[in-house]
Every structure is written in structure tokens, then in C-alpha cells.
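Working notes, beginning with the structure itself.
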């Protein structure tokens with residue numbers, strides 16, 4: 001089975017605390033890396049995969065992000081509806097709930113604006129869409145093998161079975177796969193929130209418990225652009241191909 005992705009969501013509402021002092025006057029999605037704002041790297045990949053409508057949530061320094069999106073829309077012809085979280089930062093799960101009326105009733109792509117990825121031998125977003133099985137899945141996460149997760153300082157996130165089904169990292173152990181920040185979610189997973197402010201982890205845990213969370217390994221490059229010190233390392237990695 002597969003799905004045609006019509007809509008994406010780009011997570012761009014965070015405070016960017018780890019990226020200080022660069023984020024003192026500029027929102028993290030607009031920090032420039034390899035010649036363009038971070039969010040444009042993600043939007044380029046999304047639009048390369050044929051998605052022409054991306055919902056973008058905003059909170060910190062929202063005005064410059066909205067202005068950038070208006071300028072980009074004039075250039076690309078794509079549309080960027082804004083989910084406004086100025087009143088309260090809702091974290092990733094709460095942000096999804098607030099944006100759901102803009103996302104519609106079909107599976108949608110969701111991507112973080114602070115991870116940078118380059119496609120390998122195939123387009124990873126299109127590969128996710130081709131892999132999607134609506135009867136079996138509520139979440140399909142793009143993962144990178146831990147050994148190739150450039151800039152990642154954690155112990156990994158998930159174990160993945162041969163059929164792609166996911167389980168959490170065991171306490172005290174290293175997990176072989178790291179979440180890239182890119183995923184397909186079913187709107188049916190974005191329901192019954194535990195409150196207004198919460199993490200997407202709540203939804204993932206539900207899907208894992210029901211055996212409906214799956215992964216796909218990314219075949220290209222991926223970079224965690226979390227701190228100012230990471231930027232030159234990322235740029236050097238991109239230059240090296």
C-alpha cells in the first residue's frame with residue numbers, strides 16, 4: 001500500500017534555547033546553515049517530494065517566520081498556512097492537536113525544522129509515502145542508524161524489527177536507530193490529548209503499544225543542528241558530500 005501526501009507540518013515554534021546566543025534576536029528556523037535558513041532545507045525536501053502545502057506552527061519571534069514564509073510563497077507558489085501558538089507554546093503534541101483542523105483528515109508528513117537531511121539513492125519522503133499502510137500504521141518514522149547520526153549525542157531512540165515495527169530504547173542500552181524528525185502520522189492518532197501542552201511521545205507510545213508504530217531507515221545524510229557549534233560541522237559535512 002501507499003499514500004499520496006498532500007499536506008505537511010513543519011515544527012517551527014520552539015524557543016531554540018540550545019542555539020543561543022544566535023537565537024537571541026532570530027528564531028531558530030531562520031538561522032542560516034550552508035547558505036540558507038534551516039527551515040528552507042526542510043521545505044525544499046518537502047516540496048521536492050511533491051507536497052505543495054505545509055502548515056507551519058509559530059511562537060517565538062513569529063513575525064519574521066511569517067514574513068519569510070510569505071516571501072517564499074511568492075517564489076515557490078507553495079502555500080504555508082500558519083498555526084499560531086503565540087499565546088502559549090504547546091510542545092510538539094499540543095502543536096499537532098492545535099494544527100489538526102489545518103492538516104485535514106488524511107495522513108500527513110510532519111518534520112522538525114532543526115534537522116537537516118539529504119536524500120540518498122531515493123527520496124526519503126516519497127519512500128515513506130510508498131511504505132505507508134493505512135490499515136496497519138498510525139505512525140511511520142524516518143530513522144537513521146545510530147552510527148550515521150551526525151551530531152547526535154544521545155543513546156538512540158528506537159529498536160526496529162525486520163518488518164519495521166518499533167519499540168523504545170531499553171534503559172541503560174544504546175538503541176540502533178535515531179529519529180530524524182521526519183514522519184508520517186495518521187490524524188486518528190492525534191486525539192484524546194492528555195492536556196494542552198505535551199510531547200508527541202504520548203502519541204508514539206499509544207501507537208507502539210498497539211503495534212501501529214513503524215520505521216523506515218534513511219539512506220542519505222542526516223545532521224542534528226542543535227547548537228551553534230554544530231553549524232560549521234554540518235557545513236563541512238555537506239561540503240564533503
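All of the numbers you see were taken from the coordinates with simple rules; none came from a lab. No experiment lies behind these values; they were computed from the predicted model shown.
Side notes on the structure shown:
- Comparing 45, 74, 86 in a Gaussian network model of the chain, where Cα atoms under 10 Å apart are tied by springs, the biggest mean-square fluctuation is seen for 74.
- For the range 94-161, the alpha carbon convex hull comes to 146 Å³ per residue, rounded to a whole number.
- Across the range 96-204, Cα pairs under 8 Å and at least six residues apart give a relative contact order of 39 percent.
- Taking every C-alpha pair closer than 8 Å and separated by at least 6 residues, the mean separation divided by the residue count of the range 8-239 gives a relative contact order of 26 percent.
- Relative contact order [Cα under 8 Å, 6+ residues apart], the range 1-67, whole percent: 47
- For the chain, share of DSSP beta bridges that run antiparallel, in % to the nearest 5: 55
- For the range 100-218, the Cα-based Rg and Dmax, in that order, read 14.0, 41 Å.
- Taken over the Cα atoms of the range 8-239, the convex hull encloses 128 Å³ per residue.
- For the range 154-190 versus the range 19-34, the spacing of their alpha-carbon centroids is 28 Å.
- Here the Gaussian network model covers the chain, with springs between Cα atoms less than 10 Å apart; of 21, 107, 81, 21 fluctuates the most.
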